[in-house]
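Asks: Encoded as structure tokens, here's the structure I'll be asking about.
The values are calculated or read from the model by the stated rules, or taken from the named source; none is laboratory data. Predicted model only: the values in this text are computed from it and were never measured. All Cβ positions, even for glycine, are placed from backbone atoms using ideal geometry, and neighbour counts span all protein chains on display. The protein model used for the area step is the full one, side chains on, heavy atoms only, and it has no ligands, DNA or RNA in it. Shrake-Rupley method; radii C 1.70, N 1.55, O 1.52, S 1.80 Å.
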Amino acid sequence: QVRLVESGGGLVQPGGSLRLSCAASGFTFSSYDMSWYRQAPGKERELVAGISRGSSTNYADSVKGRFTISRDNAKNTVHLQMNSLKPEDTAVYYCKASRYANFWGQGTQVTVSS
């Protein structure tokens, strides 16, 4: 059974940091590209950051220089380090695995507010 379980979300003040984690199981993690998406209320889901099987990374322009995606194939985990958070980063953040099929997690809420 494929599972992607996100954790690490919460409430943080502007300028603060959070580290999201996504624990994967039920598939060969190292064979999949991994990515983080987010969806704010009333908006479409958008790509935040991706990391390939070979650990190449890409980022949305809005988070470049502030967010860092990483993966640990030994622990079947992908992380998103988020620094200098802004109110516009508020959204539900989803983990996605893609290659032979697409798998999604259930999401974790990130709220940036004073």
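Asks: Spelling out what I want: for every residue of the range 65-81, take phi, set θ = phi - 60°, compute 6.51 cos²θ - 1.76 cosθ + 1.60 (Karplus), and round to whole Hz; glycine and proline get x.
Replies: Ordered by residue, 3J(HN,Hα) equals x, 10, 10, 9, 9, 8, 9, 10, 5, 5, 10, 6, 9, 10, 10, 9, 8 Hz.
Asks: With the dipole of the chain worked out from charges on the C-beta (+1 for Lys and Arg, -1 for Asp and Glu) around the Cα centre, which of Leu18, Ser114, Tyr100 lies farthest toward the positive end?
Replies: Of the options given, the answer is Tyr100.
Asks: Moving on to the next point. Which length gain, in nm to one decimal place, applies between Ser31 and Arg53 when the Cα-Cα distance is subtracted from 0.36 nm times their residue separation?
Replies: Values: separation 22, 0.36 × 22 = 7.92 nm, distance 0.59 nm.
The span from Ser31 to Arg53 would gain 7.3 nm if fully extended.
Asks: Continuing with this model, one more query. Which FRET efficiency value, to the nearest 0.05, is calculated for Ala101 and Asn73 with the Förster distance at 25 angstrom and r the Cβ-Cβ distance?
Replies: Values: r = 19 Å, r/R0 = 0.74.
Plugging the Cβ-Cβ distance into 1/(1 + (r/R0)^6) gives 0.85.
Asks: Still on this structure, I have one more. Where only protein heavy atoms count, and the probe is 1.4 Å, what is the accessible area per residue for the range 11-114 in Å²? Mind dumping the intermediate values first?
Replies: Values: 5320 Å² over 104 residues.
Ligands and nucleic acids excluded, the result is 51 Å² per residue.
Asks: Show which aspartates and glutamates lie in cross-link reach of Lys86 when reach means a straight Cα distance below 17 angstrom and same-chain residues fewer than eight apart are skipped.
Replies: Hits, sequence-local ones excluded: Glu46, Asp61.
Asks: Would you mind working out the magnitude of the charge dipole of the chain relative to its Cα centre, with +1 at each Lys and Arg C-beta and -1 at each Asp and Glu C-beta, to the nearest 20 Debye?
Replies: On the way: 13 positive and 8 negative charges, 40 e Å.
Using Cβ point charges on Lys, Arg, Asp and Glu, the chain gives about 200 debye.
Asks: Ranked highest first by the average count of other Cβ atoms within 10 Å around their residues, in what order do 76-83, 39-46, 19-26 fall? Don't jump to the answer; show the numbers that get you there.
Replies: Numbers: 76-83: 20.6, 39-46: 10.4, 19-26: 17.9.
My ranking of the peptides, most packed first, is 76-83, 19-26, 39-46.
Asks: Could you check how much of the accessible area of the chain is carbon and sulfur, as a whole percent, using a 1.4 Å probe? Walk me through the intermediate numbers first.
Replies: Working: 2600 of 5920 Å².
So the carbon and sulfur contribution to the accessible surface is 44 percent.
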